[in-house]
Amino acid sequence: MPREISGKTGVCALIGDPIEHTMSPVMHNAAFEELGLDYIYVPLLVRPEGLAEAVRGLRALHVRGFNVTIPHKVKVIPRLDGLDPMAERIGAVNTVVNNGGELRGYNTDAAGFLAALEEQGFVPGGKKVALIGAGGAARAIAHILAQKDARLTILNRRQELDWAHEIAGLIEDSFKKKADVLELNNDNLKAVLDGAALVVNATSLGMTPHTDATPVPAALLNDAQLVFDIVYNPVETRLLREAAAAGARTIGGVDMLAWQGALAFKMWTGRDAPVDLMRREALRMLKGHEK
Ligand code: NAP
């Protein structure tokens, strides 16, 4: 927290429902303090029926910016004045910047995923990537990987294969890149993971309280893969444990979480975020929950 809140303190916020378990206030307030910036970040519970009023209110209150989480990432778009091209393609916004009353939306989930990959020296261009899942996060990740020229296969449950096809169609329209779509089953996983440089779990499989679940049988993991599990609760999922045991390199969801926050922080303050501190703060809070 800033040591003293004054009339000059800049206000940033998070809107969502539910918001009790968010890590964002802890990450951002620690970062503001570390850099001696006169800002504060507050969580605001906004029910679906209150979204339009809440966004009008945030504009009237001259907040510097805000994050947007479930269930508002898509529905907030018509309430904004402009969109970053990548957020427009993805069709979802998680960060809004208020420039003198003009609200512009961004998607730092996508950029945060990429930053976490690049931090590990992974360059997606030309690489074979298995993306498991076709929900909101998978949609953002598929777009950023396609923009970076990865060779993408999306695997999703059979009953929702339409979602995966929809993502593949969007990518083809935006980037003129074909993404393959397959049902998520062991035969298809075996075929796709053989030779895959990157395996991404963008489903909620493995998330607390179902920590015994995993999207990939351990026998299909190997030391040529980089395995990125975007689930961050628990910090070490079964997939990450089994990938490490197979000799694969791993990235956990906390890295993506810290980077999406760090990129929003930079947009609001103009300063590079202390991303290591933000990651440590998120980890500290998550480990507290795991106890
Ligand atoms: P979502 O839109 O609800 O999508 C969930 C995805 O998981 C869908 O593809 C769904 O498949 C799949 N799924 C759920 N249960 C499954 C099961 N039993 N078997 C196979 N597939 C299953 O959720 P989301 O917003 O994309 O989030 C997904 C996960 O990513 C969550 O754990 C979330 O916490 C995490 N996340 C992390 C970050 C980060 O910064 N690290 C950011 C965003 C999200 P169907 O399409 O078949 O339903």
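The values are calculated or read from the model by the stated rules, or taken from the named source; none is laboratory data. Predicted model only: the values in this text are computed from it and were never measured. Backbone-built Cβ (ideal geometry, glycine too); neighbour counts: all protein chains shown. We work out accessible area using only protein heavy atoms, side chains counted, and drop any ligands, DNA or RNA first. Shrake-Rupley method; radii C 1.70, N 1.55, O 1.52, S 1.80 Å.
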Condition first: assigned to a loop (DSSP other than H, G, I, E, B) and surrounded by 14 or more Cβ atoms within 10 Å (Cβ to Cβ). Now tell me which residues in the range 1-16 satisfy that. PRO2, THR9
It is to be established whether one or more residues within the range 119-128 are within 19 Å of ILE251 (Cα to Cα), hydrophobic (A, V, I, L, M, F, W, C) and crowded, with 24+ Cβ neighbours inside 10 Å. no
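Could you pull out the residue among ASP255, ASP272 that is acidic (Asp, Glu) and either in contact (Cβ under 8 Å) with a residue 12 or more places away in the chain or part of a strand (DSSP E or B) (or both)? Full working, then the answer.
Working: ASP272 fails: either in contact (Cβ under 8 Å) with a residue 12 or more places away in the chain or part of a strand (DSSP E or B) (or both).
ASP255 is the lone residue from the list that is acidic (Asp, Glu) and either in contact (Cβ under 8 Å) with a residue 12 or more places away in the chain or part of a strand (DSSP E or B) (or both).
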ALA282 fails exactly one of the following numbered conditions: (1) closer than 20 Å to LEU114 by Cα; (2) among the small types (Gly, Ala, Ser); (3) open to solvent by 40 Å² or more (accessible area, probe 1.4 Å). What is the number of that condition? (3)
Output the number of residues of the range 139-166 satisfying the condition of being crowded, with 24+ Cβ neighbours inside 10 Å and near the ligand (Cβ under 10 Å from one of its atoms). 7
Residue that is least open to solvent (accessible area, probe 1.4 Å) [pool: residues in the range 263-279 that are closer than 17 Å to GLY36 by Cβ and in contact with a strand residue (DSSP E or B) (Cβ under 8 Å, 6 or more places away or on another chain)]: TRP268
Starting from residues that are in contact with a helix residue (DSSP H, G or I) (Cβ under 7 Å, 6 or more places away or on another chain) and of a type outside the set (A, V, I, L, M), keep the ones in the range 197-216 and report whichever is farthest from LEU114 (Cα to Cα). ASP212
Could you say whether any residue in the range 75-87 is under 18 Å from VAL11 (Cα atoms), under 22 Å from the mean Cα position of the chain (by Cα) and open to solvent by less than 10 Å² (accessible area, probe 1.4 Å)? no
Would you pick out the residues in the range 201-212 that are open to solvent by less than 30 Å² (accessible area, probe 1.4 Å) and either farther than 16 Å from ALA134 by Cβ or away from the ligand (no atom under 16 Å from the Cβ) (or both)? GLY206
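Of the residues that make up the range 89-99, is at least one outside the structural domain of ILE171 (by TED's automatic domain parsing) and open to solvent by 30 Å² or more (accessible area, probe 1.4 Å)?
Yes, the conditions are met somewhere in the range 89-99.
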Can you confirm whether ASP109 is within 16 Å of the ligand (Cβ to nearest atom), within 25 Å of GLU20 (Cβ to Cβ) and either open to solvent by 10 Å² or more (accessible area, probe 1.4 Å) or modelled with pLDDT under 95 (or both)? yes
Within the range 170-195, the count of residues that are over 21 Å from the mean Cα position of the chain (by Cα), more than 15 Å from the ligand (Cβ to nearest atom) and under 22 Å from ALA92 (Cβ atoms) comes to 4
Do we find that GLY126 is more than 16 Å from the ligand (Cβ to nearest atom) and either among the polar types (S, T, N, Q) or outside the structural domain of PRO43 (by TED's automatic domain parsing) (or both) in this structure? yes
Only one of these conditions is not met by ARG241: (1) in contact with a helix residue (DSSP H, G or I) (Cβ under 8 Å, 6 or more places away or on another chain); (2) open to solvent by 60 Å² or more (accessible area, probe 1.4 Å). Which number is it? (1)
Of all the residues that make up the range 17-61, how many are closer than 23 Å to GLY288 by Cβ, assigned to a strand (DSSP E or B) and touching a strand residue (DSSP E or B) at 6+ places or on another chain (Cβ under 7 Å)? 5
